[in-house]
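Participant: The structure is given below, and queries will be raised subsequently.
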Amino acid sequence: MKNIDNTSHQVTETLSKPVTVDTAQHMLAGRLPVSLFAPYLITAVALAMAYGSSFLLADTLRAAGYAASTAGSIVSVGTVATLVGSLFAGRLAERTGILPLLATSASIMAAAMACFAMIGTGGLPLAYAGGLLLGLGWAIFYMLAPIQLIHCLKPSARLEALTHLSGSQMLGIGVSAPLGRVIADHFGGPSNTYAFYAGFCALAAAFSLVIRRRMAVQPQLPMRAVALSVPATLSILRAKTVAPVIMMGIAACMFAGLSTFQSLYADSRGLTPDIFFLTFTVITVALRFSVAPMIGKLALGPLALALFVVTLLGLTLLVANAGSSILYILSTVLFAAGYGLTYSTLNAMVVNLAGERGLSVPVASQVFTLGYFVGLFGFPYFAGSLIAADGIDTALLVMVGLVTANIAIAGWMLHWTRTEIA
């Protein structure tokens, strides 16, 4: 243990001294050892499963004798907690380090699962407490998990690792509801599903503590300039780094709109929304794990532009589809292929741009995530109002306009990059 502490101290001390960007990047790893990265991804899957279990809340409330519609209010409490927690995660990380906070977030989410498991005996106060804890725990993990990888890896290696991380999160969210229903059917009801998920979160907390020891010997950037502050945030929003933040916020609008109102779209075409969700999850997870090593070698600007074009093709087919299941699947595949790799691509872009300009890389990552949350949580309200007034097709056309705006921004960034190099 003494050797581990000494090695970590030497690495941090070296990186804390004035060094060139090239020197710092040379010290960072090109890839994390499997013995370290695998449990990190397993932790991500477990916590994402807990977060995705909110889809089971309605069934759990109904089984406990409460109105299923109460789930909406509980999720809203969790949303507020997510936004509040996102603002303070970085400041806490400066004091404690990221991995202890990830263990704490896993413990908080375990407590949330326990609250949901005891709704039948503890009533609605426990349900709301669970929503609050779930949002807070997820905010800490979602904000800080990418930063830990960014701190350990060279810029050229970040996209692959971030793609694997986002794939693990999507896998956890995607399997959460179906696995939860299997557990509920065979092990005594929905409350027992949450008991299982509480155990998964406890294991994730243990993994985080084990990873902490192993991570100490990895060269990594010092844990400074991590906290979100008004000046640091403005420095990101005033530089070229604002472009990927805006593009991610717009992309999140499209994802939130399609996910929230997919049943309305499917009903309008005589289709079943399960086709969309199943196809989207399978394609997204498969792509994130299969192509991560390859896309890590691609230039981020052209890649982002290509992803937006594919997303536009998927949305256009959704608009044009009059009720064909085959066209529904094809359009979903295209949308999943385009959107599915967007988050990690733009995340790598914003942190690399920040590093090149001497801006705080952790703050850039957090501002990026906040941009994602703004689109994810804000757009459904706007889209819902639009659908109530003009129907689902109008909302789809607005999404087409949004992805077209992203194509324009990505094209401008590509032109600007080439001009800067020239």
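Participant: Of everything in the stretch 267-281 that's touching a residue at least 24 places away in the same chain (Cβ under 8 Å) and of a type in the set (A, V, I, L, M), which residue is most open to solvent (accessible area, probe 1.4 Å)?
Facilitator: Top of the filtered list is Ile275.
Participant: Moving on to the next point. Kindly establish whether Ile147 is in a helix (DSSP H, G or I) and touching a Pro at 6+ places or on another chain (Cβ under 9 Å). Break it down stepwise before answering.
Facilitator: Working: in a helix (DSSP H, G or I): yes; touching a Pro at 6+ places or on another chain (Cβ under 9 Å): yes.
Judged against the criteria, Ile147 is a match.
Participant: Additional query: Looking at (1) on the phi < 0 side of the Ramachandran plot; (2) surrounded by fewer than 18 Cβ atoms within 10 Å (Cβ to Cβ), which one does Ala139 not meet, given that it meets all the others?
Facilitator: Of (1) on the phi < 0 side of the Ramachandran plot; (2) surrounded by fewer than 18 Cβ atoms within 10 Å (Cβ to Cβ), only one is false for Ala139: (2).
Participant: Just give me the residues in the stretch 283-298 being of a type outside the set (Phe, Trp, Tyr) and either open to solvent by 60 Å² or more (accessible area, probe 1.4 Å) or in contact with a Pro (Cβ under 9 Å, 6 or more places away or on another chain) (or both), in sequence order.
Facilitator: Ser290, Met294, Lys297, Leu298
Participant: List the pairs whose first member sits in the stretch 329-353 and is open to solvent by 10 Å² or more (accessible area, probe 1.4 Å), whose second member is of a type outside the set (S, T, N, Q) and not in a helix (DSSP H, G or I), and whose Cβ atoms are under 7 Å apart, counting only residues at least 6 apart or on separate chains?
Facilitator: Final answer for the pair search is Leu353/Lys240.
Participant: Can you name every one of the helices (runs of 4 or more DSSP H) wholly within the stretch 195-280 that holds 3 or more residues which are at positive phi and not assigned by the TED database to the domain that holds Ile140?
Facilitator: Details: elements: 230-237, 242-260, 262-269.
Those helices (runs of 4 or more DSSP H) do not exist here; none qualify.
Participant: Is it the case that Ala161 is touching a strand residue (DSSP E or B) at 6+ places or on another chain (Cβ under 6 Å), surrounded by 18 or more Cβ atoms within 10 Å (Cβ to Cβ) and not assigned by the TED database to the domain that holds Asn352?
Facilitator: On the way: touching a strand residue (DSSP E or B) at 6+ places or on another chain (Cβ under 6 Å): yes; surrounded by 18 or more Cβ atoms within 10 Å (Cβ to Cβ): yes; not assigned by the TED database to the domain that holds Asn352: yes.
Against the criterion (touching a strand residue (DSSP E or B) at 6+ places or on another chain (Cβ under 6 Å), surrounded by 18 or more Cβ atoms within 10 Å (Cβ to Cβ) and not assigned by the TED database to the domain that holds Asn352), Ala161 qualifies.
The values are calculated or read from the model by the stated rules, or taken from the named source; none is laboratory data. In this text the structure is predicted, and so the values were computed from the model without any measurement. Neighbour counts are summed over all protein chains in view; Cβ atoms, including those assigned to glycine, are modelled from backbone coordinates with ideal geometry. For the accessible areas, the whole protein counts, side chains as well, though only heavy atoms, and no ligand, DNA or RNA atoms are used. Shrake-Rupley method; radii C 1.70, N 1.55, O 1.52, S 1.80 Å.
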